[in-house]
Amino acid sequence: MAAARIDDLTRRSGEWLRGSGPEADIVISSRVRLARNLADYPFISRATATDRTQIEEALRERILSIVAASDLLYVNIEELEGVDRQFLVERHLISREHAESEGTRAVAIDPREKFSLMVNEEDHLRIQVMQSGLALKSVWEQIDRIDDLIEEKVTYAFHEQLGYLTACPTNVGTGMRVSVMLHLPALVITRQIEKVFRSLQKINLAVRGLYGEGSQAMGDFYQISNQITLGRSEQKLIEEIGDTVPVIIDYERKARDFLISESRENLHDQVSRAYGILRTARTISSEETMHLLSSVRMGVNMGLIPDLEIPDINQLFIHTQPAHLQKISGSELDATDRNIERAQYLRRHLNKGNGANGAEKN
Amino acid sequence: MKCQKCDKPATFHITELTGGKPQELHLCEDHAREYLSSSSDEPSSKSSMAAVLAQQMVVGQTAEELARLDQQACPICGMTFYEFRSQGRLGCPHDYACFLQQLEPLILNIHGESEHVGKAPRRCSGGTEKRIQLIRLRREMKEAIEAEDYERASELRDEIRRTETQET
């Protein structure tokens, strides 16, 4: 039953893919996550199977009493097939750890994918709210409210001096992770991205690649988040990132302007070739797709590709991921088949306006 | 005493406890810094949290002191400090109170601060203390059942019910 409702999600575009919101040409999404634990159970690493079941029941009851069951998708991760778990990871609705770990655990998902609540991940409860574009204040207000609503009937583990108690001391205090996902292709091309990293690290902000490990970013997407969670209020942490992101946006815009003024022909050529390959390839890997889509996305922002919109591109980034492809095609695919399926999906979606491409079939 | 890597005097005495047998290192400031920073990671994954901890703990302590610290166990969940050092994850909320002395420098190292500023639960911040007892009670009940001491298990279950329904 849950699997069927996840299929519903496939057909829709979640919140952060909308490509709207402030600074949406560069800022993909803003996200805040809060880590909370119930005071009367051990942390997850020490929780017995019975504990986990009781924690899940208590939190499920609380969550469903706040949001009507019809407005929420509550899923038992253990009951899901691998491809559905992976799908939720690709949508940023659960973490990879949540998909791959063991034991009783669940997630409550908003059908519009603005928020999700993970139960029994690294902490008993991890609340997450996301919004398209740069919108940290709005995201904070929403998550603050959800947190208060849950806390009305449960007792969180909280310490006078150390704040909200978490399984790992790296999250103690506010238990809050603030992240903004940015698309920075021009900074990569002009080789300034390393400089940006270093200056962010100096102010205790972490930079991670989307779907990548460490600083290797696929598709030129970078996620900036706070590392410190204790000793600064939630407002302060949001402010710190909120003040830093516009500076990076400015750098990226200036780098894009530079590219347009200094090498417009080369840029246009790069973007056009990327668009060309995506529209005609018969087999294409995930890595190459991300790489080319990044150029195309930049091209769309710069007005070099008039017949595509940002929400379409955002959707392509997600729908060409492995689990999405399999759910869309309705069958299990190995890597080789996925590459063919991916190419077919891209051809279908990028050639809509042009009708049939010569002798090409779908 | 001379540094084990050069001729300068050893000012850092480090006890390594990875692998069970304590190993004592005596290094000058430069080699100590080099040694300690050679395996520093982002403290965001389990093993690197444990690594940060290991480094944090071993500077300036003897093997006996560390062994004593390691054996300390939380009265609520039973987790020992050694277990925490190995996995980088705490066992229950009470661990923060129980191991506060050891955790504070670690927390200061990670966050640059050791006092929470910001949001607190609306209803009752002191509620944690009472609820934590439930962790111990449930653990004891499980142990009583395992030991087939059903009378004690039954007593504990009643006590748990009483505490659970007590609103904070």
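Every read-out reported here was derived from the displayed coordinates using simple, explicitly stated rules and does not represent laboratory data. Note that this is a predicted model, so its numbers are computed, not measured. Counting neighbours? That spans all protein chains shown, and the Cβs are built from the backbone with ideal geometry, glycine included.
Among the residues of A:147-157, the average count of other protein chain beta-carbon atoms within 10 Å of the residue beta-carbon is 5. Here is how the number arises for chain A: DSSP H runs of 4 or more residues each give -39500 (n - 2.57), the sum is divided by the residue count, and the result at 222 nm is -15000 deg cm²/dmol. In this structure, the amide hydrogen of A:S29, modeled 1.01 Å from its nitrogen in the peptide plane, lies closer than 5 angstrom to those of A:G133, A:M181, counting only residues at least 5 positions away or on a different chain. Taking each of A:K195/B:K5; A:K254/B:K119; A:K195/A:K254; A:K195/B:K8 in turn, the alpha-carbon distance tops 26 angstrom for A:K195/B:K5; A:K254/B:K119; A:K195/B:K8.
Straight-line reach only, C-alpha to C-alpha below 20 angstrom: list the lysines that B:K130 could link to, leaving out same-chain residues fewer than 8 apart. Output for B:K130: A:K153, B:K142. Take B:73-80, B:84-91 and order them by the average number of nearby Cβ atoms within 10 Å per residue, most first; the result is B:84-91, B:73-80. Near A:M176, the amide H atoms lying under 5 Å from its own belong to A:A35; only residues 5 or more places off or on other chains count, and H is placed 1.01 Å from N. For chymotrypsin sites (Phe, Trp or Tyr not before Pro), no site in the stretch A:142-176 is both called loop by DSSP and has at most 14 other Cβ atoms within 10 Å. Packing, taken as the mean count of other beta carbons within 10 Å per residue, orders the peptides B:147-157, B:133-143 from highest to lowest as B:133-143, B:147-157. The amide H of A:L162, built 1.01 Å from its N in the peptide plane, has B:H116 as neighbours under 5 Å, considering only residues 5 or more places off or on other chains. Each Lys and Arg adds +1 at its Cβ and each Asp and Glu adds -1 at its Cβ; summed about the Cα centre, the stretch A:263-357 shows a dipole of about 180 debye. Applying both filters, DSSP loop and at most 15 other Cβ atoms within 10 Å, to the trypsin sites (Lys or Arg not before Pro) of the stretch A:254-352 gives A:R282, A:K352. Relative to the first principal axis of the alpha-carbon coordinates of chain A, what is the inclination of helix A:310-319, with its axis defined by its Cα atoms, in degrees from 0 to 90 and to the nearest 10? Helix A:310-319 sits roughly 70 degrees off the main axis of chain A.
Axis angle, to the nearest 10 degrees, between helix A:193-202 and the longest C-alpha principal axis of chain A: 20 degrees.
For chain A, averaging the sequence separation of C-alpha pairs within contact (under 8 Å, six or more residues apart) and dividing by the residue count gives a relative contact order of 19 percent.
Remark: the stretch B:129-144, residue by residue, has Karplus-estimated 3J(HN,Hα) of 3, 5, 5, 4, 4, 4, 4, 5, 4, 5, 5, 5, 5, 4, 5, 5 Hz, where x stands for each Gly or Pro and the curve is 6.51 cos²θ - 1.76 cosθ + 1.60 at θ = phi - 60°. Phi angles of the stretch A:123-137 translate, via the Karplus equation with coefficients 6.51, -1.76, 1.60 and θ = phi - 60°, into HN-Hα couplings of 10, 4, 9, 10, 8, 9, 10, 10, 8, 5, x, 8, 8, 5, 5 Hz per residue; Gly and Pro are given as x.
Normalising the Debye intensity of the stretch A:263-357 to I(0), with uniform scatterers on Cα atoms only, and taking log10 at q = 0.10, 0.24 Å⁻¹ returns -0.25, -1.27. In this structure, B:E151 and A:S261 have a Cβ-Cβ separation that, at R0 = 56 Å, corresponds to a calculated FRET efficiency of about 0.10. Counts of other chain beta carbons within 10 angstrom of each beta carbon in peptide B:92-100 average 6.
In the stretch A:148-284, Cα pairs under 8 Å separated by at least six residues give a relative contact order of 23 percent. For the protein assembly as shown, dividing the convex hull volume of the Cα atoms by the residue count gives 177 Å³ per residue. When each of the peptides A:37-44, B:100-107, A:219-226, A:108-115 is scored by how many other beta carbons lie within 10 Å of its residues on average, the order from highest to lowest is A:37-44, A:219-226, A:108-115, B:100-107.
Where a Cα-Cα gap under 14 Å defines reach, which aspartates and glutamates qualify for A:K202, not counting those fewer than 8 residues away within the same chain? Candidates past the 8-residue exclusion: A:E194, A:E240, B:E42.
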